[in-house]
Amino acid sequence: MAPKKRSRAAPSHSEASTETAGGRKARKEPAEEQQKDSYSHWLMKSEPESRIENGVDVKFGIEDLKALPNQTGCWDGVRNYQARNFMRDMRVGHQAFFYHSNCKEPGIAGLIKVVKEAYVDHTQFDKKDAHYDPSSKPENPKWSMVDVQYERTMKRFIPLSELKKHHLQHKAKGGPLKGVALFTRARLSVQPLSEEEFDFVLSLEDADNQI
């Protein structure tokens with residue numbers, strides 16, 4: 001039997017409630033409230049090549065997002081608390097780089113924007129989903145997701161190898177990417193970017209900025 005492909009289409013309005021199944025709104029911690037406006041730019045990682053996990057193909061590249069209705073999908077399956085908290089900090093209109101990870105050539109493929117703020121990730125309760133979490137309960141869900149919309153593909157793909165060269169150069173001599181999370185918090189699938197970091201990476205679309 002062919003593996004099941006995960007649906008990343010955003011749930012309908014009736015399904016995408018910010019409340020738990022028990023009718024209580026998800027509670028925000030004080031620290032989250034204090035930090036919610038700290039960043040407005042992000043880097044979000046996803047796998048563009050097929051990989052089977054628990055019988056499900058978790059492939060989701062920028063072309064998959066582009067092919068969804070309204071070019072909009074839910075960013076589900078995040079199972080790291082810090083990455084989850086970053087998603088809870090996101091606000092409608094925030095921009096993010098869509099980063100292709102765990103593939104032959106990882107790097108930045110395009111730009112996306114947040115169109116729905118954090119709400120309960122339904123996949124944590126789905127026993128057939130690759131990211132089912134039996135320890136999470138509907139009355140007290142652990143995991144959140146946001147909805148994102150495709151904005152555009154980068155003028156050119158910006159590979160990880162190029163970003164690393166800039167990071168090492170800036171680390172040695174000073175520059176916007178000296179402390180970028182892609183290398184200082186590399187394991188996170190959702191990472192914050194300062195405006196300076198975001199603008200510099202965006203400028204790399206121009207061939208003259210290659211090193």
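Quick notes on this structure:
- Neighbour cut-off at most 11 other Cβ (10 Å), DSSP loop, trypsin sites (Lys or Arg not before Pro), the range 143-211: 187
- Global geometry of the range 37-204, whether rounded, prolate or oblate, following the gyration tensor of its Cα atoms and the 1.5 cut on a/c: prolate
- Derived scalar couplings between HN and Hα for the range 143-157 equal 10, 10, 8, 10, 9, 10, 10, 4, 9, 6, 7, 4, 4, 8, 5 Hz in order, rounded to whole Hz, by the Karplus curve 6.51 cos²θ - 1.76 cosθ + 1.60 (θ = phi - 60°), x for Gly and Pro.
- Structure note, pairs 127/155; 45/128; 66/127: Cα-Cα distances above 30 angstrom occur for 127/155.
- Global geometry of the range 77-128, whether rounded, prolate or oblate, following the gyration tensor of its Cα atoms and the 1.5 cut on a/c: oblate
- Efficiency of FRET from Cβ geometry, residue 127 and residue 152, R₀ 35 Å, rounded to 0.05: 0.40
Just so you know, all these numbers are worked out from the coordinates, no wet-lab data involved. Everything numeric in this text was worked out from a predicted model, so none of it was measured. Heads up, the Cβs are rebuilt from the backbone with ideal geometry, glycines too, and the neighbour counts pull from every protein chain shown.
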